[in-house]
Structure formats: C-alpha cells, structure tokens
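Just so you know, all these numbers are worked out from the coordinates, no wet-lab data involved. Note that the coordinates shown come from a computational prediction; the quantities given were computed from them, not determined experimentally. Cβ placement follows ideal geometry from the backbone for every residue including glycine, while neighbour counts extend to all protein chains displayed.
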There are 2 protein chains.
Amino acid sequence: MTITQLYYVLAVAEHQNFTKAAEKCFVTQPTLSMQIQKLEDELDVQIFDRSKKPIELTDVGRKIVTQAKNIVNESYRIQDIVDQQKGFIGGEFKIGIIPTVMPTLLPMFLKTFIKKYPKIKLKIEELTTEEIISRINEGHLDAAIASTPLGNDNIKERVLYFEPFVGYIPNHHRLHKSGKIQIDDLEIDDMLLLEDGHCFRDGVINLCKAFKDHADDSFQLESGSIETLVKLSDEGLGMTLLPYLHTLNLNEKEKQNLHYFVEPAPAREVSIIYHKSELKMQIIEAIQSVISGIIRGAIAFENVQIISPVSK
Amino acid sequence: MTITQLYYVLAVAEHQNFTKAAEKCFVTQPTLSMQIQKLEDELDVQIFDRSKKPIELTDVGRKIVTQAKNIVNESYRIQDIVDQQKGFIGGEFKIGIIPTVMPTLLPMFLKTFIKKYPKIKLKIEELTTEEIISRINEGHLDAAIASTPLGNDNIKERVLYFEPFVGYIPNHHRLHKSGKIQIDDLEIDDMLLLEDGHCFRDGVINLCKAFKDHADDSFQLESGSIETLVKLSDEGLGMTLLPYLHTLNLNEKEKQNLHYFVEPAPAREVSIIYHKSELKMQIIEAIQSVISGIIRGAIAFENVQIISPVSK
DNA sequence: TGTTTCTATAAATTTTATTGATAGTTTTTA
DNA sequence: TAAAAACTATCAATAAAATTTATAGAAACA
C-alpha cells in the first residue's frame, strides 16, 4: 500500500470516473485502473462498485476513503513540518472569499501581502459560504474568509475583525430624517437583504432570526450585489444595511443617506477559517496578521463599539 | 514520499543504527541508507545527524518521526477496516501480561481462547508494567493485561475484573488467631510486598501511599515471586497479601493461613490496556469477552464486594 | 596500530509504476 | 435500434524505482 495508491482512490472517489481522476492526478487512466486494482487485491476487497454507472464506492470503500483522506492529509503535514523548521513561508495557497468581503478587503490586503510574502502563490476565488465549507472539507481550499461563527465542527475559525453595519436610508424613507438609528427602528418589511447569511450577533440575534423567517419574501442578491442593493434602495424599495467597509466606496450623494447605529452597533464577525487538520498554519497566520494590521487602521472610528462574538 | 520510507525512518530512529534497523525491516542496510537519503533529499532536510555515534535525530527529525508514526499507524488501520468488514478476526497479536497475573489468568484463558479464535496468533510476553507502557507506546505491543488505572493519556483501559486481596498470615503472626481481617489491622512494617505497583483503590488508597513511602525498606520481588512471598512469610518475615486467584493454587496447609478481609475487601483492578489509536480492536474485544466470561465463574464468592474503580 | 563496526556508494538486478494501444462494455445519441 | 461516444480493463513495452551484492571509507575500539 502506498500513499500514491490512496491518493488515486481519493481522486476516483471524488470524480466517480477513472478517466477524469487520472487527468487530475496527471497520469493516464490505465495507471489508476491498475494501481487501484492492485490495492484492492492486496486488501482483498472491492473499493469501488464498477457495475454502477457512474462508479460508486462500496461500503468498505467509503470507510477506506475516509481513512485514506486522513493518511494523505497527514502525509502533507511532513512537508509542513519541514517548512516550519526552515521558516519557509511559500508555495501555493488557495483561499476562498465570500462575495460581500471580496471587493472591500482584497484591494487593501493584496498589495501588502504579496510584498511581504512574495513566495506564496495565492489563488483567490470568490465563493459562497456554502461552497467554501464543502471545499474546505474536501481539501480543495486551504482557507477562506467568511462571516462567522459557522458552528461547523470540522472547521476552525480565527476572527479577523468585526465589521459594523451602517443603515442606508434613502430620501423618501420614514427613518430618513432621524440621526443615529437603533436596532429597534428596523422593520423587516422595508428592508433589502443580502443573501450571504450575515447574522447579527449578541442581542441582535433575534432580529437575525426574524429575517430568516421572512427570507422567502425578500430579495436575494448574489455576488457584487452591494451596488445593486444601494440602487434598489434609491429606487424606493426600502432601506438596507451595508457592511461598514462598503460605505467607504459610496459617492458623496449616497453617503448622505448613511445612518450609523447608536452603539453598540450591530456588526458581522469576519474570520479566516480553515480545516481542523491545521495544515499550512504558517500561511494562515501570515494572512491573519496582515489583515489584522490593515483593519486596525480601517475600522477605527468612534461611534461603533466592538462586541465580543457569540460563543456557540 | 512513501509509507515504506517513513517506516524505515522509524526503524532507524528506534535502533539508532542503520544495520540493526535494516534487519528488523527485512531488507539490507544499503536499502535503508538510500531510501532515507532519498526522503531527506526530497524534503531537503537532514532527518538524522550521522556525525553523532550512535546516530541521532535532528530537531526536525524528531518532529518528522512523530508524524511518521501517525501516518504508519493510520495506514495499518486500512487493513483493520477491511478485517472488520469481513468479520475476520485473526493475524498476529502481541500481548503483554504482568508477572502477578500471568500464572493465574493464562491457564484459564488460553485454551478457551485459541479454541474460539483459531486464526489469531497470540504472542504472549511476561513484562513489567513499565515495559508494557513503553512497548505499547512504541507500537511493539498490541495490548496488555495490567493492574490499573495507569493514568496514561496515550493508553486506554478496559477493566476485566477486580481481584480481591487475601491476607496470608503464618502461625506466629499477631493476627493469626483473628478471623476476618480489616484494612486497619495491617501494619507496614511486618508486611511483605509485591513489586508490581498494585495500588489499592478507594478508601484504601492511603494505605497504598504509605506502602510506597516505605518501599525502600521493604522486599521487592520480581516475576514468579508469589510463591517466594509465601515461603518468606512462612519463614516468619511477616504477613503478606495475595491476589485472590493465587490463593487457589495454595496447598491445604497454606490455605489455613489465609484470612479474608471484611467487605468491601481491598482489590486490584485488572484491565486490558491498549494504545489510544485503537488498532485491532476486534481482537481486543475478543480477548476481553473471553476473559470476562472465565472470570465471572472464578471470582464469584460471597465475602468480597467489588468496589468501583478510582477515577484519576 | 590493527581490528571491528558501521554507513555510504556503485553497479547490477529485480521489482514496480507508467504508458500507449486496444478490446470490451455500457451509455448516449441520432 | 444502430452508430457513436464514453468509459474501464487488459496487454505488452518501457521507464522508473527499489533492492541487492560488493566494496570503500570513516569512526570507534582495544
């Protein structure tokens, strides 16, 4: 039994297809067929049920795959140990970022980061929270930046910053004249919502639930939708809440529609998240430190108080 | 990187000697030299410091060895999964037994066991508790039977039985005339002790500590020493305590010197112990069930009450 | 200083992994 | 339902690798 064989098994299990799996492994299809057969012979058990189309795992196969993932992952950690020893921080690193964080955080972060860690090849992908979770679990993503807490046992979280929400209230709206707004002022029916599962924290948690109950009636917006949200709001479809960093990009006219919350303002918790196996922690810590440094400057104004996160 | 290479590294790390390690791996010494060099080249790091004699691990080497143990162990589990699936209970199984359990338990156990599980090749070794712990941790022992609790985080325990102690009080002794004895009757100075760290449990725990404090003054007896203990006691060197199962082998005259404790009698906890990685659990469970069955018959008499074990 | 013990190296050999070509199935499509 | 496409297994050839025997060289030993 070799690590390579286990790796091949994982590839076939994932793609349910020898040919595609072979491509991903950069070998030919007979290689996979033969190596997997060899492993099956050695263990004297069928890992795949080849009678089903597409190919399926047998019951033992499923258990073997779980264990194989362990072994393959643990084998990567050997290189990790060596890197750590050498103080080498580099290599390819795949990171996912949720759409509502991507456009505000990335421009600030990227330049500083690649300057400080030129040996790391970042591969950044914009993904929904759901996609992120499954890809971290599948091992296709080294880390991600998302709104937390997720409450997923396989995924660890390190809080990067708390980003307050700011009310965006257009002309005609009943709250437009008021100064600072309060959570109690909000009404679900005239609110435009973001899709990305941003949950308010602490005392505001009930509000969040109320939102969820009404989710079907509300707008569901996808990637790059914050601009659309503002436009729709301008059109009289209701007020909305913007993550603070997005308000920095508004034009002067739009900024006049901003209403800050009385403190403590509702905020979203933005974290860097990664699989519990803690691979490539040096790089994760590097990203964390760079972002924390940047954010200390960006989110530091008086009328918002940072509330500690909910512990689930 | 292959599992074989990691296995070779473990062998050299253990024996601190390429030649001996090679023998244990059933390959020639150049094979180890070359494969380990290859791994070192691939990782671009020295695992062993060959300038030291005997050979030593480097700092990274130590970390790599820890991780390599993980990987190699996890790889064994694949076979475990397959065995479990097939309901196959067999293969080689190395078990250690402490000297004071060996002669009483083994004769009762062995016949039943090999009849019920003919495919398991048991390799039984008489070892001290200390030896057992280190060998389980090194992976050279699949399980062991010892007096517990050990309080070792890497080792799991499953209680097999509680074996009461019986006082052995020769003619001349001050307690000889009394009927059932009590823990408070015992005095350290006229007691002959067993080496093997049998700790009394519960309320008797202090007594145990008192024993340990005086350990230097007392007799220290090794393997097969229970007979010696009885003989020494007969010679007037003091009373002693015998594990119940040993009393069954005494001759009639010796049996007259036995004094049972008033209940609850002090007892030792005898468990099957194994590494936390839980390899070969099917076999461990098989052994556990056979022994439990046997013991239910053997230790079932009235004047002893089993006390639940101390949780450390 | 000679002897022993141990590891590294070299060349030869055996074993294993991989490939390209292709045959045999099953599924898809026209 | 026949033809095409997609997919896996098998075969022989080849490339790559692990292992071995033989040996050289270094360090420890006596």
Next on the checklist: Please compute, for peptide B:76-87, the average count of beta-carbon atoms on other protein chains lying within 10 Å of each residue's beta-carbon.
Outcome noted: 5
Checklist outcome for this item: Residues meeting the amide H criterion for A:ILE97 (H placed from the backbone, H to H distance under 5 Å, 5 or more places apart or on another chain) are A:GLU125, A:GLU126, A:LEU127, A:ILE145
Checklist outcome for this item: The simple spin-label model distance between B:ARG158 and A:ARG174, using points 7 Å out along Cα→Cβ, in nm, is 6.7 nm
Checklist entry - Per-residue mean of other chain beta-carbon atoms within 10 angstrom of the beta-carbon, peptide B:58-67? => result 3
Checklist entry - By average Cβ neighbour count within 10 Å, what is the ranking of A:159-171, A:237-249 from highest down? => result A:159-171, A:237-249
Checklist entry - Between A:LEU57, A:LEU39, A:GLN84, whose Cα lies farthest towards the positive end of the dipole of region A:3-85 when Lys and Arg beta carbons carry +1 and Asp and Glu beta carbons carry -1, centred on the Cα centre? => result A:LEU57
Checklist entry - Computed FRET efficiency, Cβ-Cβ of A:SER289 and B:LYS231, R0 51 Å: what is it to the nearest 0.05? => result 0.10
Checklist entry - Tell me, A:LYS63, B:LYS280 in order of fewest to most beta-carbon neighbours within 10 Å? => result A:LYS63, B:LYS280
Checklist entry - Roughly how crowded by other chains is peptide A:43-49, in terms of the mean Cβ count from those chains within 10 Å of each of its Cβ atoms? => result 3
Checklist outcome for this item: Once Lys and Arg are counted +1 and Asp and Glu -1 for all other residues with Cβ under 15 Å from that of A:GLY90, the total becomes +2
Next on the checklist: Run the simple label-point estimate for B:LEU258 and B:LYS111 please: 7 Å along Cα→C-beta, distance reported in nm.
Outcome noted: 2.0 nm
Next on the checklist: Can you compute the FRET efficiency between A:ASP49 and B:ASN251 using 1/(1 + (r/R0)^6), with r the Cβ-Cβ distance and R0 = 51 Å? Round to the nearest 0.05.
Outcome noted: 0.20
Checklist outcome for this item: Relative contact order as a percentage, region B:1-77, C-alpha pairs under 8 Å and 6+ apart, gives 32 percent
Item to check | Virtual spin-label span in nm between B:SER33 and A:HIS140, 7 Å along Cα→Cβ | outcome: 4.7 nm
Item to check | Exceeding the 29 Å Cα-Cα cut-off - candidates B:LYS255/B:LYS280; A:LYS111/A:LYS255; A:LYS24/B:LYS38 | outcome: B:LYS255/B:LYS280
Checklist entry - Taking other Cβ within 10 Å of each residue's Cβ, how do B:LYS156, A:LYS52 sort, fewest first? => result A:LYS52, B:LYS156
Checklist entry - Expressed as a whole number of Å, what is the distance separating the alpha-carbon centroids of region B:1-36 and region B:106-177? => result 33 Å
